[in-house]
Amino acid sequence: MIELIRTNDPVFLSWLSFRLEEERVSAIVLDTHTAVVEGSIGAIQRRVMIDEDDLVRARRVLQEAEDL
């Protein structure tokens with residue numbers, strides 16, 4: 001698995017997870033529990049991890065977010 005993006009934005013993470021699922025890209029969000037434990041002050045970003053085989057489709061979804 002490779003890292004697609006890191007972010008502290010829970011709304012963006014929710015949207016991205018939904019869109020990746022729609023595109024049938026398997027994704028895992030790491031560091032969620034650690035970010036919550038530290039009080040969600042933004043010190044620890046959450047990482048979205050994907051399979052390398054899905055990289056092209058996942059980057060297309062990220063481009064869609066930038067175009068919004």
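Just a few scattered comments:
- When VAL36 is tested against the conditions (1) touching a helix residue (DSSP H, G or I) at 6+ places or on another chain (Cβ under 7 Å); (2) at pLDDT below 90; (3) part of a helix (DSSP H, G or I), the lone failure is (1).
- Residues of region 43-54 satisfying the condition of being farther than 11 Å from ILE5 by Cβ and touching a strand residue (DSSP E or B) at 6+ places or on another chain (Cβ under 7 Å): GLU52
Rundown of residues vs (1) of a type in the set (Lys, Arg); (2) part of a helix (DSSP H, G or I); (3) surrounded by 14 or more Cβ atoms within 10 Å (Cβ to Cβ); (4) at pLDDT below 95, yes/no style:
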| site | (1), (2), (3), (4) |
| --- | --- |
| ILE5 | no, no, yes, no |
| VAL25 | no, no, yes, no |
| GLY42 | no, no, no, yes |
| ALA58 | no, yes, yes, no |
| GLU66 | no, yes, no, yes |
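- Summed over region 1-13, the residues that are within 8 Å of the chain's Cα centre (by Cα) and farther than 18 Å from ALA43 by Cα give a count of 1.
The values are calculated or read from the model by the stated rules, or taken from the named source; none is laboratory data. The structure displayed is predicted, hence computed values, not measured ones. Every residue, glycine among them, receives a Cβ derived from its backbone with ideal geometry; neighbour counts consider all protein chains shown.
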